[in-house]
Structure formats: structure tokens, C-alpha cells
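Heads up: the structure comes next, in C-alpha cells.
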Amino acid sequence: MIDVIPVPAATVTLVRDSDEGLEVLMLQRNFQSGFMPGMYVFPGGALDESDYSPEACALCVGLDDPMASSVLKLERGGLAYWVAAIRESFEEAGILLACDARGDMVALSEPAGIERFRVHRHALNAGEQEFVALLARESLRLPADRLVYFSHWITPLGAPRRYDTRFFIARVPDAQDALHDNLETIGHVWVQPRTALEAHGGGKFNLRTPTLRTLELFARFAAVDDLIAAMRVQHKVPAILPRIAKDGRRLLPGDPGYEEAASAEGRGKWES
């Protein structure tokens, strides 16, 4: 079995309150994608080199790199995960978790502002503009303390693409609307976690294991404040490494057969 080194990645679950209860933003990946085609996911992706830059760290509010690295149990570079989560949210979902000098979240509700940031987003996705340059041009900062780290998943051994992904949660700004990018994602929906789980059970909402487990966790809460408060007081966030059983089932730590699958991975028993 070829051991592909996991790529550092960050994902942010955007949440809001509605008349029906807590909702999460889900994006549907392009069916032509080489990774999780057609799946419903949260905004996220691999860290860019620029996410680690001193310029990006200097724009973060409420959290510095030593603090962020301590939270993630890293020696250094932890703050880059918060930067990447915010950047990916804007690139994939059009939601910009940024604030002005007064600490007010950016509003994208006026036509002129919507158009200006649409141009920014297009340039960012086309590789024509760096995220830090966008923020500097608009005099914005990144309220890193508004993103709460709550989960850590690592893609199983044997997968052609592997990610070491940190999961964050954040409340969506009031004056912003989501818009999928029509590139990596082809649709988006605000949905209650329980509704998404029921649709998944009926075969109408394709979810991978980390997304499924996240929605199961979120379904316990009726309001955003309660959910975020619970995530903030977690004392430990263990890394979860699913394993693939011989019959193709995904096994999590504690599941029957998990240790057997680990032994088989080491021997390369199920290499095809």
C-alpha cells in the first residue's frame, strides 16, 4: 500500500439561526471533480503557502500564531489554518469572514459592494490576486477568534488523495449571502443538520464520513449560540483516522475491526 502523505487542509462550517432552527451551509461538489464528485461538503481546501505568510498572520485579530499552534498541538504555523478556512469560505461560498478597523463584519448587501467583491473573488479564484492583497486593498482584517476549532480528520491510508483537515465553525455574517463558485461547487443549500441526515439516509444527499459525523453532532443543538458555546469548551480534539475494512466499510476508532484494519494496512494486505 502506497503511503500518501496527508496535505494540511482547513474546513469551515458556516451556521445561522432560522425560524425552523439552526442551519448549516452545504456546497455540492462538481460531478467532474477528481475528489468527492457530487458530494455535499462544507467550504474548505488545502492550505496555500501564502496562508503561512507573516502578512496574513499580521491581519488576524484575536489570535496569534503561538496561540493557534498551541490549540492545534503544533510547534508553529497553526494560524495558517484559520487563514485558509476564511480564504476558502470566500473562494468557494462567497462568504467573507472579515472585519473593518472597528471590528464590524464586512457587509455585502449593496450592489456596488457586491460587484466589487465579485471581481475580487473572480481574481482570487483565477490566481490573479492574493488573498492578503485583497484584504489590504479593502482595509480588512481577519477575526480569527470568531472561528472555533472543533474537529480533526485525516484521510485513510490507501486513498489517492489524503488530507489532514482541521474543522472550524463560524456564524455567517448577517449582511452576506452565499454563492457557490460554479467551478469546484455547482450548488449550495442552507439546511438543518437533521434534514440533511434524513436526506442522506434516503440516498438523496451524498455525504462523506467526517461531514456525516459533524452533522450528527450539530443536530443536538437548536441554536447557533448553544452550538458554538459547546464547541468552545472542548478540552480535547483528537485526530480521527478512519480505516478501510476489507469489504470497503469505513471504520472509526472504537468500531469492531478497526485494529484489524490497521494491521492489514501495515502489511499492505488489501492493496489492489
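The values are calculated or read from the model by the stated rules, or taken from the named source; none is laboratory data. This is a predicted model, so every value here is computed, not measured. Here the Cβ positions follow ideal geometry from the backbone for every residue, glycine too, while neighbour counts run over all protein chains shown. All accessible areas refer to the heavy atoms of the entire protein, side chains included, with ligands and DNA or RNA removed. Shrake-Rupley method; radii C 1.70, N 1.55, O 1.52, S 1.80 Å.
Applying the set (1) closer than 28 Å to Arg249 by Cα; (2) in contact (Cβ under 8 Å) with a residue 60 or more places away in the chain; (3) touching a strand residue (DSSP E or B) at 6+ places or on another chain (Cβ under 7 Å) to Thr209 leaves exactly one unmet item: (2).
Could you run through the range 110-144 and say how many residues are open to solvent by 70 Å² or more (accessible area, probe 1.4 Å) and either in contact with a Phe, Trp or Tyr (Cβ under 7 Å, 6 or more places away or on another chain) or touching a residue at least 60 places away in the same chain (Cβ under 8 Å) (or both)?
Within the range 110-144, the subset open to solvent by 70 Å² or more (accessible area, probe 1.4 Å) is 110-112, 114-116, 118-119, 122, 128, 130, 137, 139, 141.
Right, trim to either in contact with a Phe, Trp or Tyr (Cβ under 7 Å, 6 or more places away or on another chain) or touching a residue at least 60 places away in the same chain (Cβ under 8 Å) (or both) and you get 130, 141.
Result for the range 110-144: 2.
Could you tell me whether the range 168-175 includes any residue that is open to solvent by 60 Å² or more (accessible area, probe 1.4 Å) and under 27 Å from Leu124 (Cα atoms)? Can you show your working first?
Restricting attention to the range 168-175, the residues satisfying the condition of being open to solvent by 60 Å² or more (accessible area, probe 1.4 Å) are 171, 174.
Of the ones still in play, those that are also under 27 Å from Leu124 (Cα atoms) are 171, 174.
Yes, the range 168-175 contains at least one residue that is open to solvent by 60 Å² or more (accessible area, probe 1.4 Å) and under 27 Å from Leu124 (Cα atoms).
Among the residues of the range 210-223 satisfying the criterion of being assigned to a helix (DSSP H, G or I), among the aliphatic types (A, V, I, L, M) and in contact with a helix residue (DSSP H, G or I) (Cβ under 7 Å, 6 or more places away or on another chain), which is surrounded by the fewest Cβ atoms within 10 Å (Cβ to Cβ)?
As a first pass, look at the range 210-223 and keep what is assigned to a helix (DSSP H, G or I): 210-218.
Restricting the remaining residues to those that are among the aliphatic types (A, V, I, L, M) gives 212, 215, 217.
Retained after the next criterion (residues that are in contact with a helix residue (DSSP H, G or I) (Cβ under 7 Å, 6 or more places away or on another chain)): 212, 215.
On the way: Leu212: 17, Leu215: 24.
Going through the qualifying residues, I end up with Leu212.
Determine, yes or no, whether Ile186 is within 24 Å of Ala84 (Cβ to Cβ), in a strand (DSSP E or B) and in contact with a helix residue (DSSP H, G or I) (Cβ under 9 Å, 6 or more places away or on another chain).
Details: within 24 Å of Ala84 (Cβ to Cβ): yes; in a strand (DSSP E or B): yes; in contact with a helix residue (DSSP H, G or I) (Cβ under 9 Å, 6 or more places away or on another chain): no.
Against the criterion (within 24 Å of Ala84 (Cβ to Cβ), in a strand (DSSP E or B) and in contact with a helix residue (DSSP H, G or I) (Cβ under 9 Å, 6 or more places away or on another chain)), Ile186 does not qualify.
Among helices (runs of 4 or more DSSP H) entirely within the range 68-173, having at least 2 residues that are within 26 Å of Glu23 (Cα to Cα) singles out 79-88, 111-125. Taking (1) within 19 Å of Phe131 (Cβ to Cβ); (2) of a type in the set (A, V, I, L, M); (3) under 13 Å from the mean Cα position of the chain (by Cα); (4) at pLDDT 95 or above in turn, Leu25 satisfies each apart from (1).
Taking the criterion of being surrounded by fewer than 14 Cβ atoms within 10 Å (Cβ to Cβ) and within 24 Å of Gln28 (Cα to Cα), no residue of the range 77-108 qualifies.
Yes or no, residue by residue, for (1) surrounded by fewer than 12 Cβ atoms within 10 Å (Cβ to Cβ); (2) farther than 22 Å from Leu147 by Cβ; (3) of a type in the set (Phe, Trp, Tyr); (4) over 16 Å from the mean Cα position of the chain (by Cα):
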| position | (1), (2), (3), (4) |
| --- | --- |
| Lys204 | yes, yes, no, yes |
| Arg208 | no, no, no, no |
| Asp225 | no, no, no, yes |
| Val233 | yes, no, no, yes |
| Ile244 | no, yes, no, yes |
| Leu251 | no, yes, no, yes |
